[in-house]
1. Given the criterion basic (Lys, Arg), surrounded by fewer than 17 Cβ atoms within 10 Å (Cβ to Cβ) and assigned by TED's automatic domain parsing to the domain that holds A:Asn173, identify the matching residue among A:Lys185, A:Lys271.
2. Please go through region A:118-148 and give me each residue that is without any contact (Cβ under 8 Å) to a residue 40 or more places away in the chain and either buried (at least 22 other Cβ atoms within 10 Å of the Cβ) or out of contact with any helix residue (DSSP H, G or I) (no Cβ under 9 Å at 6 or more places or on another chain) (or both), ordered by number.
3. Might you let me know whether region C:311-330 holds any residue that is in the same structural domain as C:Ala156 (by TED's automatic domain parsing), closer than 22 Å to C:Tyr32 by Cβ and assigned to a loop (DSSP other than H, G, I, E, B)?
4. Would you kindly identify the helices (runs of 4 or more DSSP H) lying entirely within region A:31-118 that contain at least 2 residues that are under 26 Å from A:Ala265 (Cβ atoms)?
5. Please state which of the following conditions A:Ala243 fails to meet, knowing it meets all the rest: (1) surrounded by fewer than 18 Cβ atoms within 10 Å (Cβ to Cβ); (2) of a type in the set (Gly, Ala, Ser); (3) farther than 23 Å from A:Gln131 by Cα.
6. Considering region C:13-27 alone, what residues qualify as being under 29 Å from C:Thr52 (Cα atoms) and among the hydrophobic types (A, V, I, L, M, F, W, C)?
7. With respect to C:Gly299, is the statement that it is buried (at least 16 other Cβ atoms within 10 Å of the Cβ), assigned to a helix (DSSP H, G or I) and either at pLDDT 95 or above or outside the structural domain of C:Val121 (by TED's automatic domain parsing) (or both) true?
8. All but one of (1) within 21 Å of the chain's Cα centre (by Cα); (2) within 20 Å of C:Glu117 (Cβ to Cβ); (3) within 13 Å of chain B (Cβ to nearest Cβ) hold for C:Ala99; state the number of the condition that does not hold.
Amino acid sequence: MRDVAVIGVGMNKWGELWEKSLRQVFTEAALLALDDAGVDKVDSLIVGCMSSGLFVGQEHLSSLLADYLGQVPVPAARVESACASGGLALRMGFIEVASGISDVVLVGGVEKMTDVSGHEATFALGTAADQEYECFHGLTFPGLYALMARAHMEKYGTTREQLAMVAVKNHSNGSLNPLAQYPFKVSIETVLNSVMVADPLRILDCSPITDGAAALVLCPVELAKKFKKPVVRIVASGMATDAIALSSRQDITWIESTYQAAKRAYAMAGKKPEDIDLIEVHDCFTIAEICVMEALGLVEKGKGGQAVQDGLTSLQGKVPVNASGGLKAKGHPVGATGVAQAVEIVKQLRGEAGPRQVKDAKIGLTQNMGGSGGSSVVHIFERD
Amino acid sequence: MPTPSRYWREIPQRYRLEAGKCKNCGFIAFPPRLVCPRCQSRAFETIILADAGKIVSYTIIRVPPKPFSDQAPYAVGIVDLDDGVRLTGQIVECAFEELKIGKRVKIEFRKVYEEGEAGVIYYGYKFVPE
Amino acid sequence: MEGIIGYGACIPRNRIKVEEIAKVWGADAPSYRKGLLVEEKSVPSPDQDTITMSVEASKCALKRAGIDPKEIGAVYIGSESHPYAVKPSGTVLAEAIGATPEVHTADLEFACKAGTEGMFVALSLVKAGAIKYGLAVGADTSQGAPGDALEYTAAAGAAAYIFGREKVVAEALETYSYTTDTPDFWRREYQYYPQHGGRFTGEPAYFKHITGAAKGIMEKSGLKPADFQYVIFHQPNGKFPFRVGEMLGFAKKQIEPGWLVNKLGNTYSGSSPLGLTATLDISQPGDLILIVSYGSGAGSDAFIFKVTERINEVRDLAPKTRELLEKNKNYLEYGTYAKFRHKIRKAE
């Protein structure tokens, strides 16, 4: 197995991009990554996208995007794991380089969500849940996480305010990110008074509907030294599945797939949670960030809320979580999220994060998750 | 939302709560499946789930999916049935203030939703206070 | 001898009081209360309909009958509010209780007597030896036009009966049907609410057919009103059952146990069948019970049942009807009631 490096990153501004089609959104971000790396031709393309079929009636993205990127006849694949599609694409790209099958691989993630009505978007997102035994009964995505939130609050005493603090922190970070969909701060009061979506979660506990893309260029470390940017290695890739229905889990306050994926990643990298300097996690809802912190082993089970309150994960804290603004402020174009998390970590490890820069960031971790925890992908990055 | 064939296929589960019990380790699969996730055995027998249990967690959906727009706000929860199986379903005939984790509920046959004025009517299980 | 081997009831938990309805239409509540002898009625939740109530009532009947549902040879739902115009309600019920696929099913309608029609057919099939057990349900989620007199009484409920030859709870001694063509109450296809003939629905309709059936069955069986412990008549309002009882020579106390309408409203196809379930709940072995239904259009079905010892073993196996009537009530105000009953016109 070869060591893998990230030599190029690219991400466009996220939001409701009315003027841009899916192919355009993707190509822009991919070109930014290729330019950042100084590469014109790639050996393979992996794209993460959850639901282009439902959102824009388009499948066969591998070839469509390879063509629009001017890379045909490059081998290409589109992968899907609900909201972990981007992270999975990164994992597949990593495996291609590590195995020696390809040298230069472009990993991209994209989602175009605004060409359908809110109801249709909600339906498309709901396909990450169990269609016949969760969605059939009127459960929604926010509803699933609301069930987790209420159980977490009952079992561990996590408070409504602590959930709001996650949103406040991520918006504070996002206000420093020019590419974020919502680059502005919010106060706890604003979060607590925002409209209720599924008790106890309010609209400001939920990540938005976004158009956007992100991309990375990977290559083996020996080759990386020839490129212009500081070498950042991917030292681990861990993935795990779990039943997709929340009612199948033993403990609905615990995300087992993240725990398992992280365990594999830590083992592969020879690292422990304490070694990590900063993390990008999948805060599709505020409660998710809290549960993920626990599953990653950052804090003890049940102590996630308190840790946020104590500032452990703020930009100035011991382990900054979601310096980019997270899904909450940065946006959540589903298939792109997992890739964008890696873009942020790489920028941070290179020292390119500007006002969001975490001091002495040497080892970073990304955690991307599908549905209510049916799949999790964890990657660990280290600066050379 | 289901097509007639997808709805019909799940009728034994939706109407009668038919599940599969692993003959080897006793794991109960609802809906039934081909391989036991616990012991990988392929031998199952058909059983009927218990019809009462307690609430594990609940929420009140206020922003509903389109087919449920007339019903919102409504409560949905996960219930631990008395035989150990967990089910997701709406909790009805209960004031929102009375919902709590641990509350005992039982299963009733109810309309889940219908495809407008002209479409199929979908029936299934819901929970009511015991 | 064949008869009822299991019975069950389902009554929705919501109620609306006569005063609440009268308030909205500017009507005089006390005079409606007094004139109809009705205080409140049941209102189905939006997720309840004739099918769901039939399933719940049938499950209770199965608990009392203690049989394997696969042995049920016929399933009938009688209603004037079947959820589909075309697609049977009975098949959903048959699937839900596990009687399929070897079962005969039909949906029946005859205004308020569709329930007893199903009972008549199921019982007759058992009597003829064609089936081992038969299930018949009378269920309705009746609609009353807003502001019309019927709005005060149109209610929802279901009663289920399983007939068989062994472990009989109440032997079916006699049946009798009295039918004429009498247009007292009707609803044309695609019309949302029914229409009725006002006072014409009294003497030439309700009273003529109930007395015709009651007298007919008593003559056929050689019994007199005093021979019966209990009698149940169709209950379109609180007064008619007592008046027809008096006309026939029955005493108030024979009618009272099965008289649910003052707290329940008129559950149409469920009306006399539910009255019978409430009566069975308090009956004793040896009691003779007469039930006479009435369906507009018009006709009455009459049955004479004799309660057996087995009533003591089964009555507590499922909720009693008066318990369902009195417990866990949820009172609605008119707006919620109108929303639940789809009386508010919404955008497409």
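The values are calculated or read from the model by the stated rules, or taken from the named source; none is laboratory data. What you see is a predicted model; the values in this text were computed from it and never measured. Every residue, glycine as well, gets a Cβ built from its backbone with ideal geometry; the counts of neighbours run over all protein chains shown.
1. None of the other options fit; the residue is A:Lys185.
2. A:Cys135, A:Phe136, A:His137, A:Gly138, A:Leu139 - these are the residues of region A:118-148 that are without any contact (Cβ under 8 Å) to a residue 40 or more places away in the chain and either buried (at least 22 other Cβ atoms within 10 Å of the Cβ) or out of contact with any helix residue (DSSP H, G or I) (no Cβ under 9 Å at 6 or more places or on another chain) (or both).
3. yes
4. Ranges flagged: A:85-99.
5. That leaves (3) as the condition not met.
6. Residues of region C:13-27 under 29 Å from C:Thr52 (Cα atoms): C:13-21.
C:Ile16, C:Val18, C:Ile21 - these are the residues of region C:13-27 that are under 29 Å from C:Thr52 (Cα atoms) and among the hydrophobic types (A, V, I, L, M, F, W, C).
7. Judged against the criteria, C:Gly299 is not a match.
8. (1)
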